[in-house]
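Bear in mind that the values in this text are calculations on the coordinates, not laboratory data. Fair warning: this is a prediction, and the values are worked out from it, not measured in the lab. All Cβ positions, even for glycine, are placed from backbone atoms using ideal geometry, and neighbour counts span all protein chains on display.
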Amino acid sequence: MSTPSPALPAAAGLPRVRSKRPPRVTPARIGVYAFLLTGAAFFLLPLYVMLVTSVKPMAEIRLGNLFALPNAWTVEPWIAAWSQACTGLDCSGIQVGFWNSVKIVLPSTVISIFFGALNGYALSFWRARGANLLFGVLMIGAFVPYQVVMFPLVRAFAAAGIFSSLPGIVLIHTIFGMPVMTLLFRNYYASVPGELFKAARIDGGGFFRIFFQLMLPMATPIIIVAVIMQVTAIWNDFILGLVFAGRDNLPMTVQLNNVINTTTGERLYNVNMAATVLTSLVPLAIYLISGRWFVRGIAAGAVKG
Amino acid sequence: MSAIAVNSSVEPSPASSAASPVSHVASANVDIRQLEIRLGGVPIIAAMDLHVQAGEFLVLLGPSGCGKSTLLHSIAGLLDVHEGSIEIGGRDVTWADPKDRSIGMVFQSYALYPTMSVERNMSFGLRVNGTPRAEIEKRVARAAEILHLQELLKRKPSQLSGGQRQRVAIGRALVRDVGVFLFDEPLSNLDAKLRAELRRELKQLHKNIGTTMVYVTHDQVEAMTLATRIAVMNKGRIQQIGAPGEIYNRPANVFVAGFLGSPSMNFAEGTLQVADGAVTFRRAGLSVDVTRYAFAQAPRDGQPVLLGIRPEDIALHLDGAAAGDGTGTVALVEPMGAQTIVWMDVQGQQVSAMLSGHAEPVVGQQAPFRIAAEKVSLFEPGTQERL
């Protein structure tokens with residue numbers, strides 16, 4: 001409405017009508033905040049109860065005040081959960097499971113991301129005969145429920161002699177991570193201009209040289225996303241770890257379950273809560289530190305299918 | 001740039017070692033015979049013959065989708081050939097790997113490796129084929145000097161402007177020992193000013209290093225200014241191939257005539273009148289004496305023809321003084337500074353004329369115009385071929 005000419009409003013003597021800034025607080029906005037706060041409370045309340053319970057002595061827990069803050073703070077349950085909690089007859093705490101999980105997560109993440117990137121690269125740029133068919137089959141694989149293939153896999157792994165071993169569980173996680181990892185990298189590489197690949201071909205680059213020197217370094221953002229997804233998924237896995245890892249390599253999730261189910265006399269709620277928080281600490285930390293990257297990765301996976 | 005010795009002869013002379021060009025390989029010729037390329041089963045190019053001489057700057061010019069990029073990519077080995085053969089420097093490379101074809105290529109999107117510095121971008125190809133480090137450094141330094149990239153060697157592509165990026169892309173092709181440079185619309189992503197600047201640099205580069213260049217563009221100005229020869233393509237066929245002046249002044253058919261020139265050539269349908277050794281083009285309100293036209297075949301009386309005349313070959317007498325070949329009404333004026341384009345209405349047909357920038361035509365004005373008879377092109381209306 002405003003004109004750049006300064007003479008006009010004064011000469012005409014018209015009152016300048018300023019458009020009003022809309023009110024900051026509207027019913028719609030109040031509704032949105034109410035919903036967000038309710039949602040946050042719904043998800044945070046259990047976490048609060050867990051944390052509070054884990055620092056209470058058993059005497060206070062028996063009073064049954066679930067939401068009350070502790071009168072006497074104690075870190076005993078945490079120490080107990082980490083190094084003294086019992087699974088069956090073995091009482092060396094949940095730390096055993098923690099280190100087992102680390103041993104499973106590290107190689108599984110690295111290997112599955114490496115092959116996912118390699119697959120995505122090959123499917124996007126080399127366009128081998130039947131590449132689309134292969135990709136389709138891989139995608140179908142992503143939708144097959146674990147339970148369906150569990151028994152055949154157990155038989156196959158047993159026949160190969162890697163059932164109940166660390167390499168076995170790593171292989172399982174690599175296989176089950178393959179469809180999503182391939183999809184992630186294929187979609188990322190689909191957005192890379194084909195001319196870049198052609199230029200590298202003219203420069204004499206072969207399959208692996210172009211992959212290692214050009215395409216893999218380029219994919220850093222998506223590698224971070226893949227690390228987040230794989231670490232979280234493999235750390236949280238229960239059933240594969242339970243079935244394939246074997247007694248010596250049970251991951252933290254399985255051990256947590258065992259800790260909680262092992263009762264000799266009184267059920268130690270505070271120790272159980274501490275063990276649970278310890279177990280969920282890794283994925284929780286990853287979400288908090290890298291939420292931005294995680295959202296970006298979801299978006300990258302969603303667009304350009 | 002002037003420091004570079006021009007050595008495009010096949011045998012390198014020993015005296016030139018002090019200031020030798022980056023490339024030590026003699027520029028190569030390209031021979032394409034009976035080439036057929038299919039994409040998804042559809043023939044894009046069929047039965048094409050093209051011979052590029054060593055040291056030549058050949059521009060493939062045509063509208064988008066005419067197959068010019070497809071042709072270039074097949075020369076580069078990035079597309080499989082369905083039939084025919086491609087020879088570079090006398091060697092059959094129809095099925096050779098891109099790296100074994102002695103070619104360097106520059107792309108429209110620059111296609112620089114984003115994670116590598118300018119220096120590593122340029123040296124990638126040399127590192128791949130295991131060139132000694134000292135030699136790599138020498139060649140990169142040389143290319144950087146030619147393209148004025150010395151200060152930028154440590155930068156990443158994302159820290160460069162569009163023009164700098166394209167210079168790096170050219171440098172990357174330059175450091176490799178190649179006989180032929182292939183350019184795939186290298187200037188299309190740049191703004192107008194940079195485009196003109198880089199165009200000049202490219203021409204200078206070709207003059208200095210003398211390597212064969214095959215250049216794809218849809219920009220007629222680039223084609224006209226850069227080319228030794230232009231091959232105008234349409235629908236997968238070469239319509240005409242020749243020096244820029246020849247293509248512009250003697251277009252082989254209506255497509256070529258219409259594609260080059262801005263505004264494009266004016267066309268008028270009419271008939272030829274042959275009487276007493278004089279040949280005249282006639283249509284309602286227009287008659288042009290074309291007796292001196294170089295007819296390929298003797299003209300027949302009453303023969304229907306299409307007359308083409310470029311805007312700059314129409315003289316408009318705004319003062320109405322001289323009698324003209326016809327009269328038009330000024331419908332629209334586009335002043336361009338140096339020139340002024342006038343769009344006239346001549347008996348329901350739109351005709352453009354290019355006047356000097358000093359002319360001040362008025363819309364609605366009636367003005368007689370004269371056609372430079374020696375500049376016209378005549379086409380057969382059915383086949384669209386030049387007469």
Cα convex hull of segment B:192-338 - mean projected area over all directions, nm²: 12.6 nm²
Residue order, fewest to most surrounding Cβ atoms within 10 angstrom, among A:LEU51, B:LEU187, B:LEU149: A:LEU51, B:LEU149, B:LEU187
Per-bin percent of Cα-Cα distances, segment A:91-146 [5 Å]: 4, 15, 15, 17, 15, 11, 8, 7, 4, 3, 1, 0
MRE, 222 nm, helices only [DSSP H, n ≥ 4, -39500 (n - 2.57), over chain A, to nearest 500]: -22000 deg cm²/dmol
Rh (Kirkwood; distinct C-alpha pairs) - chain A, Å: 23.7 Å
Candidates A:LEU166, A:LEU184, A:LEU69, ranked by Gaussian network fluctuation over chain A, Cα under 10 Å, top entry: A:LEU69
Neighbour-count ranking [beta-carbon atoms within 10 angstrom, fewest first] of B:MET344, A:MET58: A:MET58, B:MET344
Averaged over A:211-222, number of beta-carbon atoms from partner chains that fall within 10 Å: 2
Rg and Dmax [Cα atoms of chain B; Å; Rg one decimal, Dmax integer]: 24.8, 78
Charge-dipole axis of the protein assembly as shown as Lys and Arg at +1 and Asp and Glu at -1 on Cβ define it, positive-most pick from A:MET273, A:PRO15, B:LEU187: A:MET273
Dipole magnitude of the protein assembly as shown, debye to nearest 20 (Cβ charges: Lys/Arg +1, Asp/Glu -1, about Cα centre): 2100 debye
Taking A:ILE289, B:ILE45 and counting other C-beta atoms within 10 Å, the order from fewest to most: A:ILE289, B:ILE45
Max mean-square fluctuation residue, GNM over chain B, Cα-Cα springs under 10 Å, options B:VAL128, B:VAL376, B:VAL106: B:VAL128
Sum of side-chain charges, A:ASN100 neighbourhood, beta-carbon under 14 Å (Lys, Arg +1; Asp, Glu -1): -1
Orientation-averaged projected area, Cα convex hull of segment B:344-387 (nm²): 4.7 nm²
Cα shape, segment B:213-285, gyration tensor, a/c 1.5 rule: prolate
Å³ per residue enclosed by the Cα convex hull of segment B:166-255: 110 Å³
Distance histogram for segment B:266-379 (every C-alpha pair counted, 10 angstrom bins, percent rounded to whole numbers): 14, 46, 28, 11, 1
For segment B:190-244, size of Cβ-based charge dipole, Lys and Arg +1, Asp and Glu -1, in debye: 160 debye
Surrounding net charge for B:LEU260, when Lys and Arg each add one and Asp and Glu each subtract one, Cβ distance under 13 Å: -2
Stretchable slack from B:GLU135 to B:GLN273, in nm (0.36 nm times residue separation minus alpha-carbon distance): 42.6 nm
For chain B, the longest site-free run once trypsin sites (Lys or Arg not before Pro) in DSSP loop states with at most 13 other Cβ atoms within 10 Å are removed: B:1-153
Cα-Cα over 30 Å, subset of B:LYS235/B:LYS375; A:LYS103/B:LYS154; A:LYS198/B:LYS154; B:LYS154/B:LYS193; B:LYS138/B:LYS193; B:LYS193/B:LYS375: A:LYS103/B:LYS154; B:LYS138/B:LYS193; B:LYS193/B:LYS375
Chain B, relative contact order [Cα under 8 Å, separation at least 6], %: 16 percent
Segment A:25-74: Rg to Rh, with Rh as the Kirkwood radius over Cα pairs: 1.25
Reference-scaled alpha-carbon Rg (2.2 N^0.38 Å with N residues) for segment A:108-192: 1.19
Dipole magnitude (debye, nearest 20) for chain A, charges at Cβ of Lys, Arg, Asp, Glu: 1460 debye
DSSP-defined beta bridges in chain B - what % are antiparallel, rounded to 5: 75 percent
Measure of compaction for the protein assembly as shown (Cα Rg per 2.2 N^0.38 Å): 1.42
